[in-house]
Amino acid sequence: MENIALAAILVPFAGALLVLVSKDEAAKWIATLFSALATLATIMVGYAFLAGGKVALTVNLLSFSSINLLGLTIDRLSTLIAVAVVSLGFLIVLYSTAYLSTGNREHPHKDRPSYYAFMLVFVGAMAGLVYSSTMLGQLVFFEITGGCSWALIGYYQSPKSLAAGLKALLITHFAALGLYVAASYLFASTGSFSLASLATLSPNAKIIVFLGILLAAWGKSAQFPLHIWLPDAMEAPTPVSAYLHAASMVKVGVYIFARAIFSAGQVPEIIGWIGGIMAAVTLIYGFVMFLPQKDMKRLLAYSTITQVSFVFLGLSMSIFGSKLAFDGAVAHIFNHAFAKSLFFLVAGALAYTTGTRLLPALRGMLRASPLLGVCFCIAALSITGVPPFNGFFSKFAIFSAGFQLSSEYWLMLPLTIVALLESIASFAWFMMWFGKTVPGEPSEVLATASPVPLAMKIVLITLVVMCLASSVIAFPWLE
């Protein structure tokens, strides 16, 4: 398993090098092939882990003296999330082969090899971070994702996109200082960078390390007050928004927090209270901010901020001993990645075919483009947690855990109610926009829309299936 997991990390990096020395026309197909190979590798690792009885494995890759610097961890957490972040990377690359073209009405553009190279490096870095067994390894891949996000957000080279890329880089790099502090303190206290050594720390030392991890996690996952880079990052090409800002980059923060909780054993409850209260604050703020949005991508950006808050809330609850909360949070990382990617890519398809992503102009979607109308509806229902779509099952676990814990911790009750009310209100808001955009006679821009390319259709249909199936797929890892 460890060799295949290592291949999942290295294959995208090798593909990126090959893309850079290839001809322009070949770049997108090389990127598609290498991202597909990486996806196959993560699926093979996941299958081998399940078939082998779900026995966790840690392998050292690089040591100095007796200090393990880099390594791999293959367990129920890493195998599940790796499948999501790498397979979505493949789907986004495939979608990009059609989106980045002169037929795009919003951004007529001939793709460049650098785009696919950065996407592959990002996919490889995500795999490396997820499989990493040391905090030093997490830090290395954390910083690589930051550099790639800067390049991809600024891909169009417009003043706004360049400013947005720099803003994202500066804020997430500032947040990374928390991970530097956490890694340094862990090493100073234990003589090791291994995440497993978190369990040997004293309660006070754990507080310091977890506060550093939380700072890094809030910045990368766009949580209040370090969220301000995410809405502006919508200047990126829509496939980039779908991958970095729905499937992978914003998941880095919650993943390193989940991994730390998973590795540390007993975590001081103060970390759970800080994480839970900040998640509730972000839920309220994010919901209020997406109410006035008319640009579909900016609305989805603020929606992403709130949905990731559900994961932080569930992980924070798990610190009080709730396995249900932890499993619900991890399942929501997995489920939300597919559902929100679908929503972003619907926005991209609409912009590609009509030249706009402003919701008031997109009336009559179902008649003009039945596929996009259906995908819009399924994405909205999945995000807001309506059964039988995937968001329902992970949110239900988090809500159930909150109500269970409230019998012992009274503050859990208002935190859970805030989350429940946000979910209901989000459903009402998205259904309001559904009523204004999906049914009815097509507006002028939709009546004259160009066809959706085949590659984009394949990706959208695949994500629709995952909105129904991802919870079922996640169950064997989480039971």
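The values are calculated or read from the model by the stated rules, or taken from the named source; none is laboratory data. Note that the structure is a prediction, hence the values are computed from the model and not measured. Ideal geometry is used to build each Cβ from the backbone, glycine not excepted, and the neighbour counts take in all protein chains shown.
Taking Tyr285 as meeting all but one of (1) within 22 Å of Thr416 (Cα to Cα); (2) crowded, with 24+ Cβ neighbours inside 10 Å, write down the number of the exception.
In the conditions (1) within 22 Å of Thr416 (Cα to Cα); (2) crowded, with 24+ Cβ neighbours inside 10 Å, Tyr285 misses (2) alone.
Could you please let me know if Gly440 is without any contact (Cβ under 8 Å) to a residue 60 or more places away in the chain and either closer than 30 Å to Val288 by Cβ or in contact with a helix residue (DSSP H, G or I) (Cβ under 6 Å, 6 or more places away or on another chain) (or both)? Spell out how you get there, then give the answer.
Numbers: without any contact (Cβ under 8 Å) to a residue 60 or more places away in the chain: no; either closer than 30 Å to Val288 by Cβ or in contact with a helix residue (DSSP H, G or I) (Cβ under 6 Å, 6 or more places away or on another chain) (or both): yes.
Taking the combined requirement at face value, the residue does not satisfy it.
Give the residue that is farthest from Asn335 (Cα to Cα), with candidates limited to residues of segment 69-105 that are part of a loop (DSSP other than H, G, I, E, B) and within 25 Å of the chain's Cα centre (by Cα). Walk me through it before giving the result.
Taking segment 69-105 as the starting set, the residues that turn out to be part of a loop (DSSP other than H, G, I, E, B) are 75, 100-105.
Narrowing further to those that are within 25 Å of the chain's Cα centre (by Cα): 75, 100.
Working: Asp75: 19, Leu100: 27 Å.
Among residues in segment 69-105 that are part of a loop (DSSP other than H, G, I, E, B) and within 25 Å of the chain's Cα centre (by Cα), the one farthest from Asn335 (Cα to Cα) is Leu100.
May I ask you to verify whether Phe427 is closer than 28 Å to Ile284 by Cα, among the aromatic types (Phe, Trp, Tyr) and either surrounded by fewer than 17 Cβ atoms within 10 Å (Cβ to Cβ) or in the same structural domain as Gly355 (by TED's automatic domain parsing) (or both)?
When the stated conditions are applied, Phe427 passes them.
For (1) modelled with pLDDT under 95; (2) basic (Lys, Arg); (3) under 18 Å from Ser309 (Cβ atoms); (4) touching an Asp or Glu at 6+ places or on another chain (Cβ under 8 Å), each residue gets a yes or a no:
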residue	(1), (2), (3), (4)
Ala199	yes, no, no, no
Ala222	yes, no, yes, no
His227	yes, no, yes, no
Pro231	yes, no, yes, no
Met234	yes, no, no, yes
Pro237	yes, no, no, no
Val240	yes, no, no, no
Tyr255	yes, no, yes, no
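Hey, any hits in segment 342-359 for a residue that's crowded, with 24+ Cβ neighbours inside 10 Å and more than 26 Å from Leu100 (Cα to Cα)?
No - not one qualifying residue is present in segment 342-359.
Of the numbered conditions (1) assigned to a helix (DSSP H, G or I); (2) farther than 30 Å from His109 by Cβ, Ala163 satisfies every one except a single condition; which is it?
Checking Ala163 against (1) assigned to a helix (DSSP H, G or I); (2) farther than 30 Å from His109 by Cβ, the one that fails is (2).
Within segment 7-15, can one find any residue that is loosely packed, with under 15 Cβ neighbours inside 10 Å and without any contact (Cβ under 8 Å) to a residue 40 or more places away in the chain?
No, every residue in segment 7-15 fails to be loosely packed, with under 15 Cβ neighbours inside 10 Å and without any contact (Cβ under 8 Å) to a residue 40 or more places away in the chain.
Restricting to helices (runs of 4 or more DSSP H) lying wholly in segment 370-479: which have 2 or more residues that are within 25 Å of Phe338 (Cβ to Cβ), acidic (Asp, Glu) and in contact with a strand residue (DSSP E or B) (Cβ under 8 Å, 6 or more places away or on another chain)?
Values: elements: 370-384, 390-405, 412-437, 444-447, 454-478.
Where helices (runs of 4 or more DSSP H) fall fully within segment 370-479, none carries at least 2 residues being within 25 Å of Phe338 (Cβ to Cβ), acidic (Asp, Glu) and in contact with a strand residue (DSSP E or B) (Cβ under 8 Å, 6 or more places away or on another chain).
Anything in segment 25-68 that is part of a helix (DSSP H, G or I) and not aliphatic (A, V, I, L, M)? List them, or say none.
Residues of segment 25-68 part of a helix (DSSP H, G or I): 25-51.
Glu25, Lys28, Trp29, Thr32, Phe34, Ser35, Thr39, Thr42, Gly46, Tyr47, Phe49, listed by residue number.
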